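**Student:** Sharing a structure with you now.
The values are calculated or read from the model by the stated rules, or taken from the named source; none is laboratory data. Computed from a predicted model, the values in this text were never measured in an experiment. All Cβ positions, even for glycine, are placed from backbone atoms using ideal geometry, and neighbour counts span all protein chains on display. The accessibility values were calculated without ligands, DNA or RNA, using every heavy atom of the protein model including side chains. Shrake-Rupley method; radii C 1.70, N 1.55, O 1.52, S 1.80 Å.
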Amino acid sequence: MDESNLSVVLHAKGDMRLEHRPIPEPGPNEVLLQMHSVGICGSDVHYWQNGRIGDFVLKKPMVLGHEASGRVVKVGSAVTHLKPGDRVAVEPGVPREMDEFFKSGRYNLSPTIFFCATPPDDGNLCRYYKHSANFCYKLPDNVTFEEGALIEPLSVGIHACRRAGVTLGSTVLICGAGPIGLVCLLVAKAMGASLAVITDLSAERLALAKELGADFAVEVKREDTAEQLARKVEGLLGAQPHITIECTGVQSSVQTAIYATRSGGVAVMVGLGAEMTTIPLVNAAVREVDIRGVFRYCNTWPMAIAMLASKKVNVRPLVTHRFPLEQAVQAFETTRQGLGVKVMLKCDENDQNP
C-alpha cells in the first residue's frame with residue numbers, strides 16, 4: 001500500500017492545501033477505502049471561498065469532498081458484508097446516535113449527524129479514507145466508480161422528488177439547470193413525470209437538460225418577473241405544473257416556483273440562498289400550495305444503485321471535467337468559474353479511468 005495519504009485540506013477561507021496525512025486505521029464497524037472518484041460540489045467551493053455555510057463555520061483544518069466512491073482495502077473486525085477489493089459508493093452522512101430521527105427513518109435531520117466535509121467533520125478527497133461500513137454500498141459490476149460518486153448528487157434528486165410526490169403523469173417545473181437541477185430532472189422522468197420544464201440563465205446548461213430529457217427549456221432573462229416566468233411555464237405545459245422543484249435558492253426563482261405551481265400542488269425548496277427570502281406567502285396559502293424543504297437525503301443509495309444498474313437513469317453526461325488529485329486547486333477553480341457541469345477528481349494514481 002502506498003504509505004502516503006495525499007489529502008485536500010481547507011485551512012481557512014481561501015486557503016486550500018495538498019497535504020500528506022497518516023493513513024487511518026478502521027474501527028470494528030468501519031472500512032478503509034482507497035478513494036477512486038470524488039466529485040466537487042458547490043458546497044465544497046463555498047467553504048473554500050467563504051469559510052462557512054450558514055451556521056457551519058470552519059474552525060480547524062478540514063479535508064474536503066463528499067461525493068465519493070472507492071475500493072475497500074481493509075475491513076474492521078465486525079464488518080461482514082464487505083471485503084477487500086469491493087467497489088463501493090460512500091453515503092457521507094452517518095448518524096452518531098439512535099435518536100428519534102434515526103428511529104423514524106429521517107436520520108438526515110439528526111442534529112448530531114456526521115457529514116463528510118461539513119465542519120468539523122473531514123471529507124474524503126484523499127487517497128485513503130475510513131468510513132462506517134453500513135454507509136458504504138457495494139457497486140454492481142456495470143456501475144462505474146464515477147457513477148458511484150454521482151450517487152450523492154443523484155440522491156438529492158431522489159429525496160426531492162420523493163418529498164414532492166412525483167409520480168406517473170406528474171408535470172414538473174425545475175428551476176435551475178445546474179448539477180442538482182439536472183439530477184432532479186433525471187429522477188423526475190424516471191419516476192414517471194410526463195412533462196418537465198426546466199429554467200436557467202445558461203443556454204449551454206439548458207441544451208444539456210434537453211439532451212437529458214427535458215420537454216421544455218426556458219432561458220431566463222434577468223428582466224423577467226416571477227409572474228411572467230410562471231405564465232410562460234403555464235403556456236408551455238397548457239396548465240400549471242403539479243410540482244415545482246426549486247434548485248437555485250435565488251429569491252426571484254423561489255417566487256416563480258410559488259406562482260407557477262398549480263393550486264393544491266407542491267413546491268419543494270432544494271436550493272439554498274439568503275437566510276431571509278421574500279416570497280408570495282399569501283398566494284401560496286390561499287391556493288393551498290404546499291412548500292416543502294429538503295435537507296440532503298436519507299435512504300436513497302439502494303434506489304440510486306438500482307436506477308443506475310438498470311440503466312433507467314444515465315448520469316454519465318454530467319461529468320464534464322476530470323483532474324488527478326494533485327491538480328485539486330485547478331479542479332476547484334474550474335468549478336468556481338461555473339465551467340461545465342460536474343468536475344471529478346481522480347484519487348487513485350494507478351487507475352484514472354471513469
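**Student:** Using amide H atoms built 1.01 Å from N in the peptide plane, name the residues 5+ places from ARG322, or on other chains, whose amide H lies under 5 Å from its own.
**Tutor:** It is MET344, by chain and number.
**Student:** Round to the nearest 0.05 the FRET efficiency obtained for ARG287 and ASN134 when R0 = 56 Å and r is the Cβ-Cβ distance.
**Tutor:** It comes out at approximately 0.85.
**Student:** A further question follows. Restricting everything to alpha-carbon atoms, can you work out Rg to Rh for the chain with a Kirkwood hydrodynamic radius?
**Tutor:** 0.97
**Student:** If I compute solvent accessible area with a 1.4 Å probe over the protein chains, what percent of it on the chain is carbon and sulfur?
**Tutor:** Numbers: 8060 of 15130 Å².
The C+S portion of the solvent-accessible surface of the chain is 53 percent.
**Student:** Could you work out the relative contact order of the chain? I mean the mean sequence separation of Cα pairs under 8 Å and 6+ apart, divided by the number of residues, in percent. Write down the numbers at each step before the final one.
**Tutor:** Details: 829 pairs, mean separation 60.5, N = 354.
Dividing the mean separation by the residue count of the chain yields 17 percent.
**Student:** Spelling out what I want: for every residue of region 286-292, take phi, set θ = phi - 60°, compute 6.51 cos²θ - 1.76 cosθ + 1.60 (Karplus), and round to whole Hz; glycine and proline get x.
**Tutor:** Those phi angles translate into 6, 9, 6, 7, 7, 9, 10 Hz.
**Student:** Can you list the HN-Hα couplings for region 177-186, worked out from phi with the Karplus curve (6.51, -1.76, 1.60; θ = phi - 60°), rounded to whole Hz and with x for Gly and Pro?
**Tutor:** 10, x, x, 6, x, 5, 5, 4, 4, 4
**Student:** Find the centroid of the Cα atoms in region 241-305 and in region 80-106, then give the distance between the two in whole Å.
**Tutor:** With region 241-305 and region 80-106 each reduced to a Cα centre, they are spaced 28 Å.
**Student:** Additional query: Could you pull out every one of the aspartates and glutamates with an alpha carbon less than 16 Å from that of LYS232, ignoring same-chain neighbours closer than 8 positions?
**Tutor:** Within the straight-line limit of under 16 Å, LYS232 reaches these aspartates and glutamates: ASP200, ASP215, GLU219, GLU223, ASP224.
**Student:** Let me ask something else. From zero outward in steps of 5 Å, how is the percent of C-alpha pairs of region 243-299 spread across the bins?
**Tutor:** Over region 243-299, the share of Cα pairs per 5 Å bin runs 5, 21, 32, 23, 13, 5, 1 percent.
**Student:** Counting only residues 5 or more places away or on other chains, whose amide H sits under 5 Å from the amide H of VAL294 once H atoms are built in the peptide plane?
**Tutor:** Distant-sequence amide H within range of VAL294: MET269.
**Student:** With θ taken as phi - 60° and the coefficients 6.51, -1.76 and 1.60, list the Karplus ³J(HN,Hα) couplings across region 296-307 in order, rounded to whole Hz; mark glycine and proline as x.
**Tutor:** Running phi through 6.51 cos²θ - 1.76 cosθ + 1.60 with θ = phi - 60° gives 6, 5, 7, 6, 10, 4, x, 5, 4, 4, 5, 4 Hz.
**Student:** Mean separation of Cα pairs under 8 Å and 6+ residues apart, divided by the residue count of region 1-158: what relative contact order is that in percent?
**Tutor:** Once normalised by length, the contact order is 30 percent.
**Student:** Hey, can you find the accessible area per residue of region 1-132 for me, probe 1.4 Å, expressed in square angstrom?
**Tutor:** 44
**Student:** In deg cm²/dmol, rounded to 500, what helix-only [θ] at 222 nm does the chain give when every DSSP H run of at least 4 residues adds -39500 (n - 2.57) and the total is split over its residues? Can you show the working numbers first?
**Tutor:** Details: 11 runs with 99 residues, N = 354.
Helix-only estimate at 222 nm: -8000 deg cm²/dmol.
**Student:** I've got another one for you. For region 192-231 and region 315-354, what is the separation of their C-alpha centers, rounded to whole Å?
**Tutor:** For region 192-231 versus region 315-354, the Cα centre distance is 26 Å.
**Student:** Going by average Cβ density within 10 Å per residue, which order do the peptides 239-250, 44-55 take, highest to lowest? Intermediate values should be presented prior to the final figure.
**Tutor:** Details: 239-250: 24.5, 44-55: 16.4.
With the highest mean Cβ count within 10 Å placed first, the list reads 239-250, 44-55.
**Student:** Any of LYS311/LYS346; LYS13/LYS221; LYS74/LYS138; LYS130/LYS189; LYS60/LYS130 with alpha carbons more than 26 Å apart? Name them for me.
**Tutor:** Details: LYS311/LYS346 24 Å; LYS13/LYS221 32 Å; LYS74/LYS138 14 Å; LYS130/LYS189 35 Å; LYS60/LYS130 20 Å.
Exceeds cut-off: LYS13/LYS221; LYS130/LYS189.
**Student:** Let me ask something additional. Quick check: residue separation of ARG231 and ARG336 times 0.36 nm, minus the Cα distance between them. What number comes out in nm?
**Tutor:** Length gained, ARG231 through ARG336: 34.5 nm.
**Student:** Going by amide H atoms built from the backbone, whose H comes under 5 Å of the H on ARG21, apart from near neighbours?
**Tutor:** ASN5, LEU6, SER7
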